[in-house]
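The values are calculated or read from the model by the stated rules, or taken from the named source; none is laboratory data. These figures come from a predicted structure and were not determined experimentally. Methodologically, a virtual Cβ is constructed for each residue, glycine included, from the backbone with ideal geometry; neighbour enumeration extends over all protein chains shown. Keep in mind that these areas ignore ligands, DNA and RNA; they rest on the heavy atoms of the full protein, side chains included. Shrake-Rupley method; radii C 1.70, N 1.55, O 1.52, S 1.80 Å.
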Amino acid sequence: MKMPLNKPKKIIITKPPKGGSTPPGRALIKQALLALIIFFSLVSIYSLISDASKAVEEISLSTLAQEISLGNVSAITIIGDNLEVTFIDSGVQKSSKKETGTALTTTLKNYDVSPDALSKVNIDVKNDQGFMYWFASLAPIVLPIAFIVFFLWFLSRQVKGAGMQAFTFGQSKARMTHPDDKSQKVTFKDVAGCREAKEELREIVDFLKNPKKFLDIGARIPKGILLMGAPGTGKTLLARAVAGEAGVSFFSISGSEFVEMFVGVGASRVRDLFDLAKKAAPAIIFIDEIDAVGRVRGTGVGGGNDEREQTLNQILVELDGFEPNEKVIVMAATNRPDVLDPALLRPGRFDRRVTLDLPDRRDREEILLIHARQKPFAEDVNLVLIAERTPGFSGADLYSLMNEAAILAAREERLKVSQFDLIRSIEKVMLGPERKSHILSEKEKELTAFHEAGHAVTASVLPYADPVHKISIISRGRAAGYVLKLPLEDRKLQSKKEFLDDIAVALGGYVVEKAIFNDLTTGPSNDLQVATALARDMVTKYGMSEKMGPIALEGIGGKPLFGLGMGDKEYSERVSAEIDAEISKIMNDAMKKVEKIIKEHRKVLDTIALRLIEVETIEQKEFEEILVVHGIPLKKKKDIEHQT
Ligand code: ADP
Ligand code: MG
Ligand code: ZN
């Protein structure tokens, strides 16, 4: 089975330090051995030479004088201060030394050698002081020095390995994708949906392809483009696609890769990255997850901010420092645009902002089609249906869905991916893998069944809640059971009524446990968290509380607005208490609403719960039949008016 994981291969452009290609330990041993071998051969050569010179017997000057006087010497060859003495009788050679700076004849005269005797000796002065002579005389000095020098050089090579690393510390760790690299090429064709984003970016592609056209007319092309969107919406993919479309080099680095333990490293990496890109121009620099370095400065969050701030400053400086005609475009991606430093967003920097939304039904279908390309499908596969059933899925979720389906098929030894594989994968991606081994006791099973039935009935009765697609008491991920609800259509905005109904549905399980079992378990704790968070958002973010009125007390990210540090509330203790009161009012109202529903629809609830205990999973069709039998109307698209 093919499982194309088309994650692009990465080229690391930073050169590894020389000699670092083999593991450092082995390289060290190898070089040490080499050094030893060279050392021993030098030593043996030297000892050979010195042995050769030692083979000649050395005599003192006085002995030489005596021998000359006795007429035993036939010839003396003077090489520098060395004397080679040849004797008459056997032609034996001996060596001696004369005093430096004094002529041999003078010396010999001082030893009382008669001129007569001296004249019989053939004295020959050799200026040519041969290589061997020099070598022999210098070796004792030069060889140790050479050895020490060699040793130092050898050591320095070792240190350089480490030193080079320290040196490359400041180099950017950007991965470069070459425009000619076909295996990693991504184009707009590989990105589904995102129509507006692609439209915006086409302009950038145009510029990179044909900058002259724009520059001639004096157009200023944006230097910085910020891609914003939820995780997995294809920001990274789209940035690659721009480079692929334009056929330019692509330098990609993640914001967190700038930051090291040492102050200044990040800034130097930024500098290096921009230099690299300018050399490779036209090029795109892509800084992924820029919020890692680009957060509002001066918040004191996380302490030790110097490094991050310096890095950010350097990015700002570089953005200002290059001219449009350098044909380098900086793209950045974040899913937290709200925490970015305003300085990054001002004109001339990341002034072009492109938002990537979660894909709608049609986009989801396209994305599924893209990822279905290399997969063999059974006839029954209906991607339209899968797209319908996956609202809220990001591109990455859909990719993972396809992959899971292929894995399922492969595990069951089938050659084709079937619709059932895809459907099962939806739940797997949404809720985590099934935990069939997680066996509930009879009591737990009953409780879970009623709990889930409570969610399901509440969701079916309340007009603004999403309809139920599936109920199950097979545990998945961390949940003991689950109710799968799907909106009738994609929605971008949520209304207050929807929020209120959602809160009520979340409380369904809690209320049932309390009303029927007259006890509470830890089961609904997550439900309560979800419901409370929704209620808090209604009050503090969306102005949906009558009492608080139209006021946003918190930023989108759950943090106060205007870059104040975490925990700095902008409102008084009194307002804080009012918020709490409002939240608990919303929660209590919701609980009362659910209590009423449970009382009125006790029969459906029991039916569903008992059926769940029996079969563990109820699909949409069966569930709707139960509802209809008990006179609960089914939801149709037109029943829901969107309050926007
Ligand atoms: P982000 O950077 O926004 O978190 P990525 O670009 O890394 O998301 O997307 C992750 C994966 O999801 C991609 O590699 C791709 O396989 C898939 N994907 C996301 N969006 C799309 C899309 N619009 N079209 C096709 N595939 C997508
Ligand atoms: Mg990304
Ligand atoms: Zn629950």
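Laid out as a table, the results:
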read-out: Any pair with Cβ under 7 angstrom, 6 or more apart, that starts in segment 432-459 at a residue that is within 14 Å of ligand 3 (Cβ to nearest atom) and ends at one that is open to solvent by 70 Å² or more (accessible area, probe 1.4 Å); value: Ala459/Lys485
read-out: Filter result (within 16 Å of ligand 1 (Cβ to nearest atom) and either in contact with a strand residue (DSSP E or B) (Cβ under 7 Å, 6 or more places away or on another chain) or closer than 19 Å to Ala280 by Cβ (or both)) within segment 218-239; value: Ile225, Leu226, Leu227, Met228, Gly229, Thr233, Gly234, Lys235, Thr236, Leu238, Ala239
read-out: Qualifying residue in segment 51-64 (condition: modelled with pLDDT of 80 or more, in a helix (DSSP H, G or I), buried (at least 16 other Cβ atoms within 10 Å of the Cβ) and over 60 Å from the mean Cα position of the chain (by Cα)); value: yes
read-out: Single condition Lys470 does not satisfy, out of (1) part of a loop (DSSP other than H, G, I, E, B); (2) open to solvent by less than 30 Å² (accessible area, probe 1.4 Å); value: (1)
read-out: Filter result for Asp112 (more than 16 Å from Ser60 (Cα to Cα) and assigned to a loop (DSSP other than H, G, I, E, B)); value: no
read-out: Helices (runs of 4 or more DSSP H) enclosed by segment 304-410 - at least 1 residues per element that are acidic (Asp, Glu) and surrounded by fewer than 22 Cβ atoms within 10 Å (Cβ to Cβ); value: 306-321, 361-372, 383-388
read-out: Single match in Leu415, Leu488 (criterion: touching a residue at least 60 places away in the same chain (Cβ under 8 Å), in the same structural domain as His601 (by TED's automatic domain parsing) and open to solvent by 30 Å² or more (accessible area, probe 1.4 Å)); value: Leu488
read-out: Residue in segment 201-217 that is closer than 20 Å to Glu289 by Cα and either within 13 Å of ligand 1 (Cβ to nearest atom) or aliphatic (A, V, I, L, M) (or both) present; value: yes
read-out: Unique residue being more than 14 Å from Ala283 (Cα to Cα), in contact (Cβ under 8 Å) with a residue 12 or more places away in the chain, crowded, with 21+ Cβ neighbours inside 10 Å and of a type in the set (A, V, I, L, M) when the list is Val242, Val191; value: Val191
read-out: Unmet requirement for Val417, which otherwise passes all of (1) at pLDDT below 90; (2) under 35 Å from the mean Cα position of the chain (by Cα); value: (1)
read-out: Restricting segment 201-217 to residues that are open to solvent by less than 70 Å² (accessible area, probe 1.4 Å) and not β-branched (Val, Ile, Thr), the residue that is farthest from Ala281 (Cα to Cα); value: Leu201
read-out: Given (1) within 16 Å of ligand 1 (Cβ to nearest atom); (2) out of contact with any Asp or Glu (no Cβ under 8 Å at 6 or more places or on another chain); (3) within 21 Å of Arg353 (Cβ to Cβ); (4) modelled with pLDDT under 85, index of the condition Gly294 fails; value: (2)
